[in-house]
Every structure is written in C-alpha cells, then in structure tokens.
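What follows is a single structure, written as structure tokens, with notes after it.
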Amino acid sequence: LSDGRVFEHPLVIWAAGVTMPAFVQEMSFDKDKQGRLVVDEALQFHPGCFAVGDVASFPHKGRPLRMAVMFSVAEATVAAKNILRLTSGNRDLKPFRPLDLGYIVPLAHKKSCGRVFFGRIWGIVGWLGHYLMCVGRAPGWRMRLNILRSVVWPR
C-alpha cells in the first residue's frame with residue numbers, strides 16, 4: 001500500500017457488474033433480473049426484432065446463457081441469417097443452439113482458473129488452454145498467428 005504495508009496473500013474480488021445501455025433499460029419488453037432483453041430460440045424479443053450478445057437473455061438449461069464473446073458472435077451469426085430469411089419472405093427462422101464448452105479466466109504469471117466440460121482447470125495448463133481456445137475461435141489465420149505470437153513472444 002502507499003504506506004509501505006504489504007499483504008502476503010492478497011485476494012481481489014472483481015464485482016464490477018454489467019449495466020445495460022439506457023435505451024435498453026427504457027424499452028418496454030420483457031427483461032431478466034439483469035435488465036437483459038428476454039429472447040426466444042430465434043433470438044427475437046418481439047416479432048422481427050432481434051437482440052444478441054450481452055443485451056440478450058437467452059434461456060439455456062433453465063437459466064439465462066452467461067455473457068461471453070463466443071456466444072455473442074454465434075448469436076449474431078444466427079440472428080443475421082434469420083433477418084435475411086425474414087427480409088426474403090421466409091418465416092422459417094432457425095433456432096440458436098449454443099455450445100458451451102466452459103470458460104477459462106487467464107490470470108497473471110501464466111496462471112488461470114476455470115471450468116471446461118465438467119471439470120475444473122487451473123495453473124499453466126488452464127492458461128495454455130485459454131490461448132488454444134482463442135486460437136481455435138479466432139477469425140482467420142492472421143489473427144490466429146498474432147495470438148500465438150503473443151504467447152510465444154510476449155511484449
């Protein structure tokens with residue numbers, strides 16, 4: 001601390017939360033406890049109106065799907081295809097089917113913690129797993145190579 005004290009075993013808990021944009025808060029559609037728009041399996045919160053990403057509350061296994069970039073990208077792909085279907089007169093909307101393989105939170109000094117499939121993962125194995133997942137999900141080879149470069153030769 002600024003007075004010179006040092007904590008031997010510090011624990012930091014991040015509880016910043018997420019606040020929905022004001023315009024979403026003001027919308028008069030169904031929302032969950034976090035203020036996210038409740039969507040159906042085609043990602044509509046109202047016929048012809050779609051929501052994806054952190055603003056969408058998608059029901060999954062009895063609760064809202066957690067907020068994560070991989071779900072946001074996958075939702076956006078399904079919603080875009082459904083919008084194209086609607087604009088071409090096709091009312092047969094495709095459902096969003098999330099694939100949740102788990103999560104890994106990378107920490108400092110090549111450590112991590114998380115849950116993958118049905119087991120916990122931590123340490124350097126989890127840290128490497130996080131970056132392998134990033135490489136696998138990255139759009140394009142250039143992005144994949146940049147991620148690998150950042151792991152092998154960090155700045």
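Brief remarks follow.
- Residues (at pLDDT 90 or above and assigned to a loop (DSSP other than H, G, I, E, B)) located in segment 48-61: Gly48, Ala51, Val52, Phe58
- Pairs are defined by a Cβ separation below 6 Å, a sequence spacing of at least 6 or placement on different chains, a first member in segment 68-96 that is under 18 Å from Gly48 (Cβ atoms), and a second member that is of a type in the set (Phe, Trp, Tyr); the pairs so defined are Glu75/Phe96; Val78/Phe96; Ala79/Phe50.
- Segment 26-48: number of residues that are free of Cβ contacts under 8 Å to residues at least 12 places away in the same chain and either out of contact with any strand residue (DSSP E or B) (no Cβ under 9 Å at 6 or more places or on another chain) or open to solvent by less than 40 Å² (accessible area, probe 1.4 Å) (or both): 3
- Scan segment 64-73 for residues that are open to solvent by 40 Å² or more (accessible area, probe 1.4 Å) and either at pLDDT 90 or above or farther than 25 Å from Val105 by Cα (or both) and the total you get is 1.
- Exactly one residue out of Phe7, Phe45, Phe29 is assigned to a strand (DSSP E or B) and over 15 Å from the mean Cα position of the chain (by Cα): that is Phe45.
The values are calculated or read from the model by the stated rules, or taken from the named source; none is laboratory data. Being a predicted model, the structure only gives us computed values, none of them experimental. Cβ sites come from the backbone with ideal geometry, for glycine too, and all protein chains shown count toward neighbours. We work out accessible area using only protein heavy atoms, side chains counted, and drop any ligands, DNA or RNA first. Shrake-Rupley method; radii C 1.70, N 1.55, O 1.52, S 1.80 Å.
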